[in-house]
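The values are calculated or read from the model by the stated rules, or taken from the named source; none is laboratory data. Treat the numbers as computed from the prediction; the structure is a model and nothing was measured. A quick note on method: Cβ atoms are made from the backbone with ideal geometry, for glycine too, and the neighbour counts reach across all protein chains shown. Areas reflect the complete protein model, heavy atoms only, side chains present, ligands, DNA and RNA absent. Shrake-Rupley method; radii C 1.70, N 1.55, O 1.52, S 1.80 Å.
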Amino acid sequence: MNLVIALDLPSSAENLKLAESLAAYDDLWMKVGFRTYIRDGRNFLDTLKAINPHFKVFLDLKLYDIPNTMADAAAEIAELGVEMFNVHASAGERALRTVMERLVSYGEDRPLVLAVTALTSFSDEEFRRIYEKGIDEKAEQFARMSYDAGLDGVVCSAFESRAIKAATSSDFLTLSPGIRPFGEAAGDQQRVATLQSAAESQVDFAVVGRPVYRAEDPTEKVQKIREILKRL
Ligand code: C5P
C-alpha cells in the first residue's frame, strides 16, 4: 500500500515545510488539491520535485467537463509531469475514453488516471436527487464504467475497495481518504479506517492528511506509518 500525504495546509510555505520535513522518504506520494494548485500552480509542483525528485504527485483536480475539454486538460496535466490525477466518472464514459485516448501518446510515462465515483459529502437523499439511485449502487456502476473506459482506478472509501475490485479487477487501483493510522480523531470524516483495515480491503493508496500535518512531529509520524506498512 502506498502512502499519500495530503498537502492541505493553508499556505504554500507551510505545505513546503511539511514536504521538506519528509524529504528523506523516497516512497511518498503528495496530494495537491484545488486550493494549492489554483494559488501556487506549476511552480509549487516544481518546488516539490526539487525537495525530493522521487516524490510522486497526485494532482487532485477532479476534472468534469465536455470530453474534448477534459482531454485537453488531461494532456496539459501529463505535460506537468505529475504521476496521477483524477476526473469525475459522472462526466460519462465517452469523456473518460476520450481522456484515455489523448494520453496514449505519452506511453508508459502517462500519469495514472483515477475516477471519483460518488463524493462522500453527499447524504443518500442528496445523492438520489441528482443520480436517482443510492450511493453504493451508483458508485459500483461508475467504477465498472471507469474500468471499461480504461482508467487505472477509483477514489473510494476503504470500505468499498474490496467490492469495487470484485466488480472490476484486482488490478484496478483504489485510493482511499479518511485513513487514521493510529485511530486519530476522525474530524469531519464519517467513516475512517486504520492502516490495517485499509490493507485488508486491498486499498492501493492510503491518503492521510490531518493525522500527519497536525502531528507534533510529522516526520516521526510518517516514519511510524511506513514501518507499519512494511509489516502489512
Ligand atoms: O485530513 P484527512 O486525512 O481527513 O484528509 C483527507 C484528504 O482527502 C483531504 O484532502 C480531503 O479533501 C480528501 N478527500 C476526502 N474524502 C473524499 C475525497 C477526498 O477526505 N471523498
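Can you tell me which residue within the range 176-201, out of those that are near the ligand (Cβ under 9 Å from one of its atoms) and among the aliphatic types (A, V, I, L, M), is least open to solvent (accessible area, probe 1.4 Å)?
Once the filter is applied, the top-ranked residue is Ile179.
Among the numbered criteria (1) within 16 Å of the ligand (Cβ to nearest atom); (2) of a type outside the set (Asp, Glu); (3) in contact with a helix residue (DSSP H, G or I) (Cβ under 8 Å, 6 or more places away or on another chain); (4) part of a helix (DSSP H, G or I), which single criterion is violated by Val32?
Result: Val32 fails condition (4) only.
One residue is enough: does the range 142-161 have a residue meeting the conditions away from the ligand (no atom under 16 Å from the Cβ), farther than 23 Å from Leu59 by Cα and part of a helix (DSSP H, G or I)? Talk me through it step by step, then tell me what you get.
Filtering the range 142-161 down to residues away from the ligand (no atom under 16 Å from the Cβ) leaves 144-145, 147-152.
Now narrow it down to the ones that are farther than 23 Å from Leu59 by Cα: none.
The answer is no, given that none of the residues of the range 142-161 is away from the ligand (no atom under 16 Å from the Cβ), farther than 23 Å from Leu59 by Cα and part of a helix (DSSP H, G or I).
Quick one: how many residues across the range 113-133 are touching a residue at least 12 places away in the same chain (Cβ under 8 Å) and open to solvent by 50 Å² or more (accessible area, probe 1.4 Å)?
3
Consider the range 164-175. How many of its residues are hydroxyl-bearing (Ser, Thr, Tyr), more than 13 Å from Ala89 (Cβ to Cβ) and crowded, with 16+ Cβ neighbours inside 10 Å?
Result for the range 164-175: 1.
Which numbered condition in (1) in contact with a helix residue (DSSP H, G or I) (Cβ under 6 Å, 6 or more places away or on another chain); (2) aliphatic (A, V, I, L, M); (3) within 16 Å of the ligand (Cβ to nearest atom) is the only one that Ala23 fails?
(3)
Within the range 65-87, is there a residue that is in a loop (DSSP other than H, G, I, E, B), out of contact with any Phe, Trp or Tyr (no Cβ under 9 Å at 6 or more places or on another chain), charged (D, E, K, R) and surrounded by fewer than 21 Cβ atoms within 10 Å (Cβ to Cβ)?
So far as the range 65-87 goes, yes, one or more of its residues are in a loop (DSSP other than H, G, I, E, B), out of contact with any Phe, Trp or Tyr (no Cβ under 9 Å at 6 or more places or on another chain), charged (D, E, K, R) and surrounded by fewer than 21 Cβ atoms within 10 Å (Cβ to Cβ).
Given the criteria out of contact with any Cys (no Cβ under 7 Å at 6 or more places or on another chain), more than 16 Å from the ligand (Cβ to nearest atom), open to solvent by less than 70 Å² (accessible area, probe 1.4 Å) and closer than 14 Å to Asp148 by Cα, does Ala95 qualify?
yes
Applying the selection to the range 36-50, what residues are surrounded by 15 or more Cβ atoms within 10 Å (Cβ to Cβ) and either more than 20 Å from Phe205 (Cβ to Cβ) or modelled with pLDDT under 95 (or both)?
Across the range 36-50, the qualifying residues are Asp40, Phe44, Thr47.
What is the residue count in the range 211-232 for residues that are within 10 Å of the ligand (Cβ to nearest atom) and either under 14 Å from Leu22 (Cβ atoms) or at pLDDT below 95 (or both)?
Residues of the range 211-232 that are within 10 Å of the ligand (Cβ to nearest atom), as a first pass: 211-214.
Going one step further and asking which of them are either under 14 Å from Leu22 (Cβ atoms) or at pLDDT below 95 (or both), we end up with 211-213.
So the answer is 3.
If you scan the range 134-163, which residues turn out to be open to solvent by 70 Å² or more (accessible area, probe 1.4 Å), under 17 Å from the mean Cα position of the chain (by Cα) and over 14 Å from Ala193 (Cβ atoms)?
Correct list: Tyr147 only.
Looking at (1) within 11 Å of the ligand (Cβ to nearest atom); (2) within 25 Å of Ala71 (Cα to Cα); (3) open to solvent by less than 10 Å² (accessible area, probe 1.4 Å), which is the one condition that is false for Val208?
Unmet for Val208, out of (1) within 11 Å of the ligand (Cβ to nearest atom); (2) within 25 Å of Ala71 (Cα to Cα); (3) open to solvent by less than 10 Å² (accessible area, probe 1.4 Å): (2).
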